[in-house]
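Okay, structure first, notes after.
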Amino acid sequence: MKSQKILNDPVYGFITIPSELIFAIIDHPYFQRLRRIKQLGLTDFVYPGAHHTRFHHAIGAMHLMSITLDNLRNKGTDITDEEYEASLIAILLHDVGHGPFSHALEYSLLQSVPHESLSLLTIELLNQEFSGKLGLALRIFKNQYDRKFFFQLVSSQLDIDRLDYLQRDCFFTGVSEGTIGADRIIKMMDVKNDQVVIEEKGIYSIENFLSARRLMYWQVYLHKTTVSAEKMLINLIHRAKYLRQSGTNFMISDEFDYLLSHDLSLADFKSNPELLKIFLELDDFDIWGAIKLWKRHPDYVLRNISQMFLTRNLFKITLSNEKPSAEEIDEIRAKTMKKLEIPESDLPYFFSSGTVSNYGYLTRDRINILTKKGKVIDVAQAADLPNIKVMSKIVEKHYVCKAKSLNLNS
């Protein structure tokens, strides 16, 4: 580049784009699309400041990756310039396959197609467009590169992705309790036996990181109001798909119309690359535009949920540690159906129940601590950190959410 490109990030300050290839990737329409997909989906219904995007997060993660690799180099880890750039590209593109509203529509608009799989397909597509220059980044992303610590930095329980999104989400939501010491964690990172390790003196920063992540899940990511809003949106998409596939036409974008008209699986995307290009045209704005039009639609289900969504008249939700019995669920369903004056066939659009879960630490995917004696142990084995052992337990909460009222005559 004739001159280095610099971005001003609200969390880290000035971020330098380190190469022409990375700048070209950032400038690509597939990546620019991330500007139009909010990082936290519908969480701004709870925390009004949560309007940051997947674009912000990806750039921030790339920045933290560069700091991490510089630190590892300073500690004696040999990292070539090619590996350095490929690692930045891998983390930059790790979320490029996200659909509208991030996780909310991952299993409703498509047929259980995880965003990681679409990210991989998108990186493969970009690799073709860039004449194979993303080959090493692709191998790192797929965990097919022989130096495994690079993949750990992209995807693990202590990866660069998590270090950025926890800091960024704390910043924009204002939930200061979720703050982590990312700078210290990065400085404590090292590589031993091709594995990312944390120096023993950084162990309490890891404990704080795990505690903060667990808190952020219950207080932000799985906040009951966010869960309610997401269930409403999922039900709305299910209704729209049902109507579209039954012959109803909508005034919506061509890409959104195509995805409503077809039940696409991962196998479909793998066999037909053109489908991925259609998906990569879709963003939050397609959905919001449709909802604004649907608020006057003749179908009372589509109309009511759209109106409620736009006015934040969300489903009433209860979250409990105890799982309600089948009899209790049946009783709530019957009361809801009677109150709303709707047939049983339409009840699933206005009533949802299920389980959300969270964990602090999974022992099967270790975070390694390098002791002062040079021994590598699992962080959960640290004798004076019983809190981490407690966080290894997966905690479940059970929800029931339902519409409070309907306007059947509007």
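Mean residue ellipticity, 222 nm, helices only, the chain: the sum of -39500 (n - 2.57) across DSSP H runs of n ≥ 4, divided by residue count and rounded to 500, is -14500 deg cm²/dmol.
One decimal place: the segment Lys316-Ser131 gains 61.4 nm when fully extended, by the rule 0.36 nm per residue minus the C-alpha distance. Think of segment 36-100 as having a plus end and a minus end, set by charges on the Cβ of Lys, Arg, Asp and Glu; of Leu64, Pro100, Thr77, Pro100 sits farthest toward the positive end of this dipole.
The calculated FRET efficiency for the pair Thr77 and Arg36, based on their C-beta separation and a Förster distance of 30 Å, comes to about 0.20. Extension gain, Leu7 to Glu344, is 116.0 nm, computed as 0.36 nm per intervening residue step minus the present C-alpha separation. Charging the Cβ of each Asp and Glu at -1 and of each Lys and Arg at +1, and nothing else, the dipole of segment 5-220 about its Cα centre rounds to 320 debye.
The long axis of helix 203-216 is offset from the longest Cα principal axis of the chain by roughly 10 degrees.
So, with +1 on the Cβ of K and R and -1 on the Cβ of D and E, and no other charges, what is the size of the charge dipole of the chain about its Cα centre, to the nearest 20 debye? Could you put the intermediate results ahead of the total?
Values: 50 positive and 51 negative charges, 208 e Å.
In total the dipole reaches around 1000 debye.
Is the C-alpha gyration tensor of segment 263-410 telling us rounded, prolate or oblate? Criteria: a/c under 1.5 is rounded; beyond that, a/b larger than b/c is prolate, otherwise oblate. Oblate shape, in that a/c is at least 1.5 and b/c is the bigger or equal ratio.
With the chain treated as a Gaussian network of Cα nodes joined by springs under 10 Å, which of Asp95, Asp257, Asp81 yields the largest mean-square fluctuation? For the chain, modelled as a Gaussian network with Cα springs under 10 Å, the answer is Asp81. Protection proxy ranking of 189-196, 267-274, by the mean of other Cβ atoms within 10 Å over each peptide's residues and highest first, is 189-196, 267-274. Charge tally around Ser112: other residues with Cβ under 13 Å, Lys/Arg +1 each, Asp/Glu -1 each, net -4. Taking 7 Å steps out from each Cα toward its Cβ at Glu200 and Ala267 produces label points 5.3 nm apart. Over all other residues within a Cβ to Cβ distance under 15 Å of Gln39, the charged ones net out to -3, with Lys and Arg as +1 and Asp and Glu as -1. For the residue pairs Lys142/Lys192; Lys38/Lys133; Lys323/Lys404, the C-alpha atoms sit more than 24 angstrom apart in Lys38/Lys133.
Applying 0.36 nm per residue to the separation of Ser176 and Asn387 and subtracting their alpha-carbon distance, the gain on full extension is 73.9 nm.
Looking at the chain, the DSSP beta bridges with both ends there are about 90 percent antiparallel. Other residues within the sphere of radius under 12 Å centred on the Cβ of Ile91, judged by their own Cβ, net out at -4 (K and R +1, D and E -1). Think of the chain as a dipole: +1 on every Lys or Arg Cβ, -1 on every Asp or Glu Cβ, centred on the Cα centre; then among Ile25, Gln144, Leu310, Leu310 lies furthest on the positive end.
None of the figures in this text is laboratory data; all of them are computed from the coordinates on show. All of these numbers come straight from a predicted model, not from anything done at the bench. Note that we place each Cβ from the backbone using ideal geometry, even for glycine, and neighbour counts take in every protein chain shown.
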